[in-house]
There are 2 protein chains.
Amino acid sequence: MLGPKFPWLLWAYTCCCSTSFCGRVVVWPTDASHWINVKVLLEELVLRGHEVTVLVPSSNLLINYQDTSSPFTFEVLQVPFSQETLDASMEDFLNFWMNEAANLFPWEIMWTMKEQLEVFTNMSKQTCDTLVKNSHLIAKLQQAKFDVLIADPLAVGGELVAEILEIPFVYSFRFSDGNVVERQCGGLPSPPSYVPASTMGLTHQMSFTERLQNFLFYICTDLFFMKFWRDEWDEYYSNVLGKPTTLCETMGKAEIWLIRTYWDFEFPRPFLPNFEFVGGLHCQPAKPLPKEMEEFVQSSGEHGVIVFTLGSMVHSLSDEKSNVIAKALSQLPQKVLWRYKGKKPETLGSNTRIYDWIPQNDLLGHPLTKAFITHGGTNGLYEAIYHGIPMVGIPMFADQHDNIAHMVAKGAAVQVDFNTMKTQDLADALNTVIYNSTYKENALKLSKIQHDQPVKPLDRAVFWIEFVMRHKGAKHLRPAAHHLTWYQYHSLDVLAFLFTCTATVVFILFKCCLCCCRRCGRIAKRKKE
Amino acid sequence: MLGPKFPWLLWAYTCCCSTSFCGRVVVWPTDASHWINVKVLLEELVLRGHEVTVLVPSSNLLINYQDTSSPFTFEVLQVPFSQETLDASMEDFLNFWMNEAANLFPWEIMWTMKEQLEVFTNMSKQTCDTLVKNSHLIAKLQQAKFDVLIADPLAVGGELVAEILEIPFVYSFRFSDGNVVERQCGGLPSPPSYVPASTMGLTHQMSFTERLQNFLFYICTDLFFMKFWRDEWDEYYSNVLGKPTTLCETMGKAEIWLIRTYWDFEFPRPFLPNFEFVGGLHCQPAKPLPKEMEEFVQSSGEHGVIVFTLGSMVHSLSDEKSNVIAKALSQLPQKVLWRYKGKKPETLGSNTRIYDWIPQNDLLGHPLTKAFITHGGTNGLYEAIYHGIPMVGIPMFADQHDNIAHMVAKGAAVQVDFNTMKTQDLADALNTVIYNSTYKENALKLSKIQHDQPVKPLDRAVFWIEFVMRHKGAKHLRPAAHHLTWYQYHSLDVLAFLFTCTATVVFILFKCCLCCCRRCGRIAKRKKE
């Protein structure tokens, strides 16, 4: 379905299909910011002449399947949970992280996290059910003869659909807690000595204590998730596929892992040939701003502007928090554009304008933009990297602390604690990134790395999806580690064998020596006698 | 110096320099087939407007510094060993591997290998001396203000020159024995459970015994080379640089490692972001053959032709061996083009023509070519992959056994033992790869992988060299593993700490239990009394 918003796609479709491979892509999307990112990739696939069908739950956050101008075909999965239930779950989730977590003990946070995971897992299972228990839909999808499925491991189920349809699948992925999916299912080698686990907020240069923390976190996440998946998913997958299998084994069949970061953001680490780091694929040069916004930006003069958003999920803050922030912003000589849907703070200065929505990428690419206040979501953060804008990070949940920790380590950001933040903290942080030139220089360094690649991330992502379609997979990139048990992988059986051999030899030598000593002793005794 | 053979380079030079970055490249080359490969890369750099200066020993095998038509500037290092000495050493080396090694015990082979290594190390040191002890030359090179040095770790010294000139360096590398250089100096993670060590002839899917062999080979090569380098080079490097250092540490400073293989040849394995796999960078579409050769090829009719060469180093064989080969070839319906400089074999069939030199790439790309008989050198092997030609491998030394093992594992080659080969063995092998269609199909699969890349290997190699020149290095790709000791890298200190803690807790608990038991025992005893 090529809507009126994309009339040129009809031309592109005809054009590409007549000259090169034209494939059919089916998508098992992950909601929220993940969808914002993957949508750019899917639009590019449509531009290149591929048909894109999105399997979308009837209740979701950001996937507007009723948009007739969308270039995608939507196959709506009628899930049993309502939009209100989903919205309430998300509200609970955000409320916990923004208002409650800071006052709890770590084990209370862990317990709530497990409960939240169970809530979302339950919804995932219900979504899967609408497909795997609908033989009519499965037959329809099989008849469509898709060439590849695109999924995100965060929304469990994509790999299962690919197995049912007997087609290869490609992951678009940001991270899992402690990288447990990438490591345990994807085979990604991650020495805990210099590869910090996701969400730990560590860098690649760790003290002994940090390496200890990292090591233990790897083990804890491994133990937790392997058990959680076994309890929640392994039997489900085995039943649906009619053979004994596990979620992790099925995930491990991904042909290509498109990781949504790059070496401007990541610390250098080992990876595998079927992992492509395509961070920033959604970034593009800035387009002109709306007239009113441009006038406001220009009115800032030499001081420039600050762009402020807390992402697509956080629309409002408590009165206390919004006033702390507004007061800090009012003390600055810069003009501020704040994306905010909550109640207008009383302390809002004349230099600050509140918007329901801002063209974030275009603002970050504006020559007058001096700083970006961000929650630390990967999409926004990559737009700041792309345009070389220093950041003030106010992370709240998920990977946001970790993302900001990366930017702080690379000298392009200052972090402010959301829960303890005072007016002066935010004002100081902004003055630091704006007036200490090293932050701008470091942001520009990252920007150069992002721009100076042999192939743009979007083109690389498209290339590997098309490769999988052309070759029915990418088996030549799949490491043999998938065929090994964990003790074989770590050569523990070889070490045990060598240890046994050495111990046996030492034991025999020891016994021989003992025997010789005794015999010598006896001879000496006899001689003495 | 842009000679008459490359007049268009003058245009390219002017053109590129006026529009983009134009750099100065200095090269510390490795001789023989390594030079053949890197020469293609250097010619491309000249084409893109960079100046290339090659530091060449006055006595060498294939680097013709007297060629006035060369697009490179040569800085000749007047080494104390003569051309005759070098040739004699190479002849000894080849003679050992082709005629003697097969009749010796493994430890005798190891001993001779060590002696050969010492001979070539001695020459390397003499070559280094001509530069590091020539302050006039160093000053000249410093004044030239080079942007990058290109070297190959096999010819030790490049990294030392880069340190002296205080410029970043890029490696172009095929392999080291047991990948000891890549692993120990480059930080390349290589789990011995599924990453076979170079020269072992193993694949990525190993039995327990093979994994044991692989594990032990890693350890043996580590121990041997770390000691050999300590004895031969570490003091030399420390003295020249005026600070305590090692060869391995200096090698580890390479900004980018351009590895001359790709995933058509390699088994999937972990690697680092500063490793680029650019195998096949020298390959190109076939050009028309010389008239006489084309006529001979066309005369083969439907049977097609076989291309046969044993590489740039092996010019002749013993009478016995050449007659065995010629007789096997004479039994085939194909026409054979054999590159050979030795005595014409008596059993040479009318279907076989001997040439001093053949346009190997053009012949392998000819539509009538059915098979390639090769010693297994990486350059020729990649030309066969590029054109999708199945192979019969007759490996003799260095990485040749390993290379052919890769092609055999990928189903594109049959191996014949050089030492025990009978006429029928070679004839059978050729008939197999020509008439069993799976070999051609597998060769074509590899060819597709080689051709279907987001960026051609030559362009990727050039990109990263230019990147290093533009950014004065590529530090953002350098893993923090370089800052760790071996026990920190493997988290052995963390494990030791955790073991100690666990043991202490267990000991205290045990003591407490013991204490309780004793107390209970005493109370019971008193009650009894």
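Given the criteria in contact with a Leu (Cβ under 7 Å, 6 or more places away or on another chain) and without any contact (Cβ under 8 Å) to a residue 60 or more places away in the chain, does B:A427 qualify? Considered against the rule, which asks whether it is in contact with a Leu (Cβ under 7 Å, 6 or more places away or on another chain) and without any contact (Cβ under 8 Å) to a residue 60 or more places away in the chain, B:A427 comes out as no. Does B:E118 count as surrounded by fewer than 21 Cβ atoms within 10 Å (Cβ to Cβ), outside the structural domain of B:E249 (by TED's automatic domain parsing) and either at negative phi or out of contact with any Leu (no Cβ under 7 Å at 6 or more places or on another chain) (or both)? Judged against the criteria, B:E118 is a match. Of everything listed in (1) at pLDDT 95 or above; (2) more than 14 Å from every other protein chain (Cβ to nearest Cβ), the single unmet condition for A:L212 is (2). Within the option set A:Q126, A:Q143, being more than 27 Å from A:I465 (Cβ to Cβ) and polar (S, T, N, Q) holds for one residue only, A:Q126. Go through the residues of region B:381-397 one by one and say whether even a single one is of a type in the set (D, E) and surrounded by fewer than 21 Cβ atoms within 10 Å (Cβ to Cβ). No, that holds for no residue.
For region B:38-66, how many residues are β-branched (V, I, T), over 16 Å from B:G158 (Cα atoms) and buried (at least 19 other Cβ atoms within 10 Å of the Cβ)?
So in region B:38-66, the residues β-branched (V, I, T) come out as B:38, B:40, B:46, B:52-54, B:56, B:63.
Filter once more, keeping what is over 16 Å from B:G158 (Cα atoms): B:40, B:46, B:63.
When the remaining residues are screened for being buried (at least 19 other Cβ atoms within 10 Å of the Cβ), the result is B:46, B:63.
Counting residues in region B:38-66 that are β-branched (V, I, T), over 16 Å from B:G158 (Cα atoms) and buried (at least 19 other Cβ atoms within 10 Å of the Cβ) gives 2.
Checking the structure you have, find out if any residue of region A:472-484 is within 30 Å of A:H50 (Cα to Cα) and touching a helix residue (DSSP H, G or I) at 6+ places or on another chain (Cβ under 8 Å). Yes: one or more hits. Just a yes or no: is a residue in region A:134-142 buried (at least 22 other Cβ atoms within 10 Å of the Cβ) and either in contact with a Phe, Trp or Tyr (Cβ under 9 Å, 6 or more places away or on another chain) or among the β-branched types (V, I, T) (or both)? The answer is no; no qualifying residue exists.
Going by what's in this entry, would B:N379 be described as of a type outside the set (A, V, I, L, M) and over 19 Å from B:Y340 (Cα atoms)? Considered against the rule, which asks whether it is of a type outside the set (A, V, I, L, M) and over 19 Å from B:Y340 (Cα atoms), B:N379 comes out as no. If a residue must be among the charged types (D, E, K, R) and assigned to a loop (DSSP other than H, G, I, E, B), how many such residues does region B:363-409 contain? Result for region B:363-409: 1. Within region B:267-305, track down each residue that is aliphatic (A, V, I, L, M), more than 14 Å from chain A (Cβ to nearest Cβ) and not in a helix (DSSP H, G or I). Residues satisfying the conditions are B:A286, B:L289, B:V305.
Can you tell me which residue within region B:446-463, out of those that are of a type outside the set (D, E) and facing chain A (nearest Cβ under 8 Å), is surrounded by the fewest Cβ atoms within 10 Å (Cβ to Cβ)? Per the criteria, the residue is B:K448. Residues in region B:132-176 that are part of a loop (DSSP other than H, G, I, E, B) and either touching a strand residue (DSSP E or B) at 6+ places or on another chain (Cβ under 8 Å) or not acidic (D, E) (or both): 17 in all. On inspection, B:A197 does not qualify as within 30 Å of B:F93 (Cα to Cα), touching a His at 6+ places or on another chain (Cβ under 9 Å) and part of a loop (DSSP other than H, G, I, E, B).
Sort through B:V494, B:V468, B:V462 and tell me the only one that's under 28 Å from A:Y194 (Cβ atoms) and touching a residue at least 24 places away in the same chain (Cβ under 8 Å).
B:V468
When A:L310 is tested against (1) under 30 Å from A:D87 (Cα atoms); (2) modelled with pLDDT of 95 or more, exactly one condition is not met: (2).
Screening A:M407 with (1) within 21 Å of A:Y340 (Cα to Cα); (2) under 17 Å from the mean Cα position of the chain (by Cα); (3) at pLDDT 95 or above gives one miss only, at (1). The single residue among A:K472, A:K525, A:K456 that is at positive phi and charged (D, E, K, R) turns out to be A:K472. In this structure, is A:A427 among the small types (G, A, S), facing another protein chain (nearest Cβ under 9 Å) and in contact with a helix residue (DSSP H, G or I) (Cβ under 8 Å, 6 or more places away or on another chain)? No. For region B:471-494, enumerate the residues that are at the interface with chain A (Cβ under 8 Å from one of its Cβ atoms) and over 30 Å from B:L149 (Cα atoms). If the condition is that a residue be at the interface with chain A (Cβ under 8 Å from one of its Cβ atoms) and over 30 Å from B:L149 (Cα atoms), then B:Q488, B:H490, B:S491, B:D493, B:V494 are the ones that fit. So, A:S172, is that one within 30 Å of A:L458 (Cβ to Cβ), of a type in the set (G, A, S) and more than 10 Å from chain B (Cβ to nearest Cβ) or not? For A:S172, the condition - within 30 Å of A:L458 (Cβ to Cβ), of a type in the set (G, A, S) and more than 10 Å from chain B (Cβ to nearest Cβ) - is met.
Filtering region A:354-375 to residues that are farther than 23 Å from A:P285 by Cβ and surrounded by 16 or more Cβ atoms within 10 Å (Cβ to Cβ) leaves A:I354, A:H375.
The values are calculated or read from the model by the stated rules, or taken from the named source; none is laboratory data. Since the model is a prediction, treat every value here as computed from it, not as a measurement. Note: ideal-geometry Cβ built from the backbone for every residue, glycine included; neighbour counts use all protein chains shown.
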